[in-house]
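Accompanying notes for the structure given below.
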């Protein structure tokens, strides 16, 4: 597997289809336009997420929730509730975690609490949802409850039931393949995102 460097530095990023790459640096939002990063103004962001339908949601530094309508020149629309971390597979699959570790998902424009206590979740457009707790234990959602998965991760990203990637405490990249975690060559990194087409990861920014 080979990696190509992209200019810039981000503290967090997410990728949707067709190289729809968004990121956060110094709590500001940026979008990659193939040649450079475009500053998307309007909110002070801690976490950004991009769906398979190109929907863009974020949480702010004070845990407010917004979704972007109209693209880079559009408007951030306030969504009810407060979350410290959010993940969107598409408009029908939105999950998040609040400051108490309580887990919520969006249904009919209402937040519904799921069981359990997690530090982060990641959901795909096909409904696949995985999460991590404060001890870096791994769980997957079976539609009713959280099922424990072997391994330990400090960050996870799900693009589909077949595309799941994470970072462990050694900052190694791990891919979930055939029921097991396999190390991806490429260095020690702090944050990773995956789409069905490629992996994007941060320490600087690389694409595979």
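Each reported figure results from applying straightforward, stated rules to the coordinates on display, with no laboratory input. If you're wondering where the values come from, they're calculated on a predicted model, not measured in any experiment. As a convention, Cβ positions derive from the backbone with ideal geometry for all residues, glycine included, and neighbour counts pool all protein chains shown.
Tabulated values for the structure
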read-out	value
Given (1) surrounded by 14 or more Cβ atoms within 10 Å (Cβ to Cβ); (2) part of a loop (DSSP other than H, G, I, E, B), index of the condition residue 100 fails	(1)
Of all residues in the stretch 142-152 being in a strand (DSSP E or B) and either without any contact (Cβ under 8 Å) to a residue 12 or more places away in the chain or within 13 Å of the chain's Cα centre (by Cα) (or both), the one that is farthest from residue 114 (Cα to Cα)	148
Residue satisfying all of: in the stretch 21-52; loosely packed, with under 14 Cβ neighbours inside 10 Å and without any contact (Cβ under 8 Å) to a residue 24 or more places away in the chain; nearest to residue 122 (Cα to Cα) among these	26
Members of the stretch 53-96 that are over 19 Å from residue 195 (Cβ atoms) and buried (at least 24 other Cβ atoms within 10 Å of the Cβ)	59, 83, 96
Filter result (in contact with a strand residue (DSSP E or B) (Cβ under 9 Å, 6 or more places away or on another chain), over 20 Å from residue 128 (Cβ atoms) and assigned to a loop (DSSP other than H, G, I, E, B)) within the stretch 51-89	61, 62, 63, 74, 84
Residue count for the stretch 153-172, restricted to those that are surrounded by fewer than 16 Cβ atoms within 10 Å (Cβ to Cβ) and closer than 22 Å to residue 115 by Cα	1
Test for residue 175: is it crowded, with 20+ Cβ neighbours inside 10 Å and in contact with a strand residue (DSSP E or B) (Cβ under 6 Å, 6 or more places away or on another chain)	no
